[in-house]
Amino acid sequence: MDPSIPQGTTALQVEQIAMPYLSLDETGTIQYANETAARLLKWNASHLRGKRLDQFLSPCSHGSLMTVLRQAFESRRPQQAELALHRSTDDTQQLLLHLTPDDDGFQCHALLTDVTAYRQAHLLMMNERALQERELQVSASRIRTLKEELEEVLLTSHQQLNLLLSRVTNLLEQAQAAPSPTETAHHLQAAVQVTSQLSSILVSLDRYRQTRIMRARVRPVAVDSVLKAALSHVRPTMDGRELAVTSDPLPILQADRQALTLILEEYLANALKFTRHEPPTRIHVLHRETPTEHHIGVSDNGVGFNMRQKDQLFRLFGKLHSPKEFEGLGLGLPTVRRTCERYGARVWAEGKVGQGATFWFAWPKQPRIS
């Protein structure tokens with residue numbers, strides 16, 4: 001019997017082993033190989049004897065082979081290691097080598113298991129896990145940001161509401177103590193104006209609340225119908241004013257109707273606020289199309305702004321004007337930005353001091369909900 005064949009096993013039984021089988025000496029030289037091993041190594045079985053196993057392996061596996069052989073011969077106990085076969089293509093074939101020293105101590109019986117699919121599945125699982133961990137980190141960071149923002153909004157709105165309530169109380173007390181009907185009417189009129197500012201802040205807070213609870217539902221939405229809905233919401237601030245609202249032909253977008261309504265309502269409210277002292281008021285809704293986006297803009301002939309300050313407009317509480325001139329917390333435009341970003345949309349503004357402004361949003365033709 002060939003001494004390279006395990007004791008108690010016939011040559012026929014070795015050949016019929018489904019797994020690739022080799023016997024190796026301590027230098028890694030092949031003493032015997034069955035046909036299954038020959039097919040794996042892509043070599044003629046009769047010519048494998050006397051070849052070193054490491055010539056069939058990638059250079060990175062040479063050291064691992066010699067280490068595991070030394071450990072097997074020295075410890076006289078089974079050992080195993082992962083090896084990579086040398087291939088001419090970029091594909092890597094991973095093997096699990098299981099060594100068992102024979103009783104005489106001159107050879108090791110080696111079984112080779114192809115674990116390429118397992119390693120690829122394991123790598124895929126690790127990549128998916130890493131991706132999930134990154135997504136969790138992004139979500140956790142976003143939640144922290146939203147929490148910090150909410151605390152800031154609550155604190156600032158609380159301060160502003162208390163300040164305005166104090167002013168209303170003071171004005172009503174002055175009206176009550178006024179010596180003449182004319183002065184009483186003056187104080188009452190001022191109180192009405194402050195109450196209007198209070199109402200504006202509450203509306204901004206409600207829109208901000210909507211963005212935090214809004215569920216995204218993307219479907220075809222006609223922007224002209226959304227414009228009509230937004231105009232009906234801001235109608236009270238249009239009463240008694242000389243103004244004209246016009247628009248270009250507006251598209252149908254793949255969008256969330258509630259989100260688009262909120263965006264246009266805020267842009268219209270912004271335009272109405274900053275054209276208050278510019279009669280007659282002209283507001284025009286524009287539409288431009290690119291291969292990937294629809295650009296919708298709300299243009300007005302109001303007070304405008306300095307383009308050097310454009311980046312401040314969409315920041316939280318990024319007001320460019322004194323609260324005495326124009327009421328509000330500075331929540332509206334950041335609310336628009338937040339809503340747009342959720343769908344992969346962009347916002348920006350253009351304007352000149354004293355010559356009006358145009359506030360834009362670019363809505364993707366294929367929205368990405370985040």
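The values are calculated or read from the model by the stated rules, or taken from the named source; none is laboratory data. Owing to the predicted nature of the structure, the values given are computational and were not obtained by experimental measurement. Reconstructed Cβ throughout: ideal geometry from the backbone, glycine too, with neighbour counts over all protein chains shown. Ligands, DNA and RNA are excluded from the accessible area calculation, which covers all protein heavy atoms including side chains. Shrake-Rupley method; radii C 1.70, N 1.55, O 1.52, S 1.80 Å.
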Can you give me the number of residues within the range 162-198 that are part of a helix (DSSP H, G or I), at pLDDT 85 or above and either over 25 Å from A269 (Cα atoms) or out of contact with any Leu (no Cβ under 6 Å at 6 or more places or on another chain) (or both)?
25
Give the residue that is most open to solvent (accessible area, probe 1.4 Å), with candidates limited to residues of the range 167-184 that are in contact with a helix residue (DSSP H, G or I) (Cβ under 8 Å, 6 or more places away or on another chain) and aliphatic (A, V, I, L, M).
L172
Among (1) touching a residue at least 24 places away in the same chain (Cβ under 8 Å); (2) open to solvent by 90 Å² or more (accessible area, probe 1.4 Å) - the single one R209 does not satisfy:
(1)
Just checking, does the range 143-165 include any residue being in contact with a Gly (Cβ under 9 Å, 6 or more places away or on another chain), within 22 Å of L331 (Cβ to Cβ) and among the β-branched types (V, I, T)?
yes
Restricting the range 69-122 to residues that are open to solvent by 60 Å² or more (accessible area, probe 1.4 Å) and among the acidic types (D, E), which is farthest from the chain's Cα centre (by Cα)?
D104
Sort out which residues of the range 14-28 are open to solvent by 10 Å² or more (accessible area, probe 1.4 Å) and either modelled with pLDDT of 95 or more or farther than 17 Å from L69 by Cα (or both), and write them in order of number.
E15, Q16, I17, A18, M19, P20
Residue check, S225 without any contact (Cβ under 8 Å) to a residue 24 or more places away in the chain, of a type outside the set (A, V, I, L, M, F, W, C) and under 30 Å from H295 (Cβ atoms)
yes
From (1) farther than 17 Å from R342 by Cα; (2) out of contact with any Leu (no Cβ under 6 Å at 6 or more places or on another chain); (3) modelled with pLDDT of 95 or more, pick out the condition that doesn't hold for A244.
(3)
Consider L264 carefully, then state whether it is at negative phi, buried (at least 20 other Cβ atoms within 10 Å of the Cβ) and at pLDDT 90 or above.
yes
